[in-house]
Structures are given as structure tokens and as C-alpha cells.
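The values are calculated or read from the model by the stated rules, or taken from the named source; none is laboratory data. If you're wondering where the values come from, they're calculated on a predicted model, not measured in any experiment. Positions of Cβ are generated from backbone atoms using ideal geometry, with glycine treated the same way; all protein chains shown enter the neighbour counts. Calculation scope for accessible area: heavy atoms of the full protein, side chains included, ligands and nucleic acids excluded. Shrake-Rupley method; radii C 1.70, N 1.55, O 1.52, S 1.80 Å.
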Amino acid sequence: MDEVTFRSPKKHGRIAVFLSGRGSNFMAIREAIQRGDINADVGLVFSNKEDAPGLLKAREWGLETSFLNPKLFATREDYDQAIVGEIGKRDIDLVCLAGYMKVLTPQFCDAFKHRIVNIHPALLPSFPGLHVQQKAIDWGVRYSGCTVHFVAAEVDMGPIILQGIVPVLQDDTEETLAARILVEEHKIYPESVRLYFDGRIEVRGRRVFIVP
Ligand code: GRF
């Protein structure tokens, strides 16, 4: 068996949620925190979209928020470097990408290795990329679902933490399948973050083990 390359910390953590849209996964994580299920606080909600509903909601709730306009930066590297500054100021342990529609630079991914997680609405490694619910329907798969994974420089390819499965029905549309998958997303994302700060996630090679 591969050697342990990472073990998540058992501590009270501070997370940053990155989002570009409605933020339902952010809300599911926050609810789990409020229930006391996750040993962490939301230390920052960051967005690349000024009017992202999830960002506005975070502000309404009095959470720490930050928006940086990508258009004001010459390169992606400059933009991500500025984000690193935002995270640094808030002493963040884990970045949770939740519908963040911008690809992080390899520099960012490497600097925060095993400290960035993402949720993807398909069973990776099948259907990476965008519009994956429609792709699953078009391919004719019988099951799809969602994946929480560590973020590595290669998009949608980091070690898998948890997956949730749903059937794909004959009369599904992109919307009906997305809605069925979203229910599972709201379970496995908070659960993954819970396991992370309970110190129960171990990475060996490209496999993740949930340890006691
Ligand atoms: C989710 O389907 C997630 O899997 C994908 O983007 C969507 C974000 O939804 N990465 P929300 O903003 O969390 O509601």
C-alpha cells in the first residue's frame, strides 16, 4: 500500500468557501456547522462575482466576505496571488470550492495542497468539466451522482473523498437530474468537511482512506 502522504488535522478549523453562484452547498455546510456537526467556522466567503447570490447571503448573515474583480488583474496568476493574500489575512485551514466557476492556477493548487476541496456533480473520473448532468443523460448512464475531491492542478482529478449516487431516469432533463444530484451534494459535502476536521482523512497515493 502507498505511504500516507497526508492526514487531515483534528482541530477547530477555519474554512473559506469560494463560490460564483447561488451557494446552496455553502448553505448546507453552514447549516451543518450551526448544528454542531462540523468542528469549524466559516472564516471567509470569497467570490469572483460581485452579485453572486451566495455572496450576498453570506453578507446578510454577517460573515466575512471578499470579492475581487478578475478584470482588474493582468493575469490569472496575479488574481490567484491576490486571493492567497485574502486567505492569508484570515488564517484559513481549508478552502471549499462550492460552485466556484474559475479554474485555480497550478501555483494556487500547489501552495494549498490537501487544503482545497471541491464538489463536482458527477461520478468522477466520469464527466469532468461543465454541463455534466446533460452529458450523463446523453451518454445513457444508469447512475450518476456527485464527488467531493481534493483539488489538484489537473481539473477535477484530485483524490476522491466521498461520492453520492443517484439513478438517472429515462425521462430526466438536465434540471431534474441536477436537482436529484444536489440533494446528495448537500449530504456529502458537509460530511467530507466534518471528516476533515475530525482528523479522519488520510491520503495514500491517489486514494483517500476514512480512518477511525
Ligand atoms: C453544484 O452542482 C456543484 O456540484 C457544482 O456547482 C454547483 C454549485 O451549486 N460545482 P451551489 O452554488 O452550491 O448551489
Exercise. Just need the Rg to Rh number for region 1-119, please, alpha carbons only, Kirkwood Rh.
Key: 0.97
Practice problem: For a label point 7 Å from the Cα of Glu31 along Cα→C-beta, name the residues of region 153-187 whose backbone N is under 14 Å from it. | Solution: 182-187
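Using per-residue counts of other Cβ atoms within 10 Å, averaged over each peptide, order 160-171, 93-104, 196-207 from highest down.
Working: 160-171: 15.2, 93-104: 21.1, 196-207: 17.0.
In decreasing order of mean packing, 160-171, 93-104, 196-207 become 93-104, 196-207, 160-171.
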Quiz item: Of all DSSP beta bridges in the chain, what percent run antiparallel (nearest 5)?
Solution: 55 percent
Quiz item: Taking 1 over the mean of 1/r across every pair of different Cα atoms in region 50-119, what Kirkwood radius in Å do you get?
Solution: 13.2 Å
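Tell me, what is the per residue accessible area of region 71-121 in Å², probe radius 1.4 Å? Can you show the working numbers first?
On the way: 2510 Å² over 51 residues.
Dividing the accessible area of region 71-121 by its residue count gives 49 Å².
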Practice problem: Return the distance in nm (one decimal) between the two label points of a simple spin-label model at Asp110 and Arg204, each offset 7 Å from Cα along Cα→Cβ. | Solution: 2.8 nm
Quiz item: Of all the C-alpha pairs in the chain, what % are more than 29 Å from each other?
Solution: 23 percent
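What do the square roots of 5 times the Cα gyration tensor eigenvalues come to for region 109-209, in whole Å, largest first, as semi-axes of the equivalent ellipsoid?
Numbers: eigenvalues 131, 41, 21 Å².
Equivalent ellipsoid of region 109-209: 26, 14, 10 Å, largest first.
Can you tell me the dipole magnitude for the chain around its Cα centre, using point charges on the Cβ only (Lys, Arg +1; Asp, Glu -1), in Debye to the nearest 20? Could the numbers behind the result be given before it?
Values: 26 positive and 28 negative charges, 91 e Å.
Here the size comes out at about 440 debye.
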Quiz prompt | Where labels lie 7 Å past Cα in the beta-carbon direction, separation of Glu60 and Gln81 in nm | solution = 3.7 nm
Quiz item: Simple spin-label model, 7 Å along Cα-to-Cβ: Asp41 to Arg142 in nm?
Solution: 4.9 nm
Exercise. Would you calculate, for the chain, the mean residue ellipticity at 222 nm contributed by helices, counting each DSSP H stretch of 4 or more residues as -39,500 (n - 2.57) and dividing by all residues, to the nearest 500?
Key: -10500 deg cm²/dmol
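Probe radius 1.4 Å, ligands and nucleic acids ignored: give me the carbon and sulfur share of the accessible area of the chain as a rounded percent. Numbers along the way, then the final one.
Values: 5510 of 10540 Å².
Here it works out to 52 percent.
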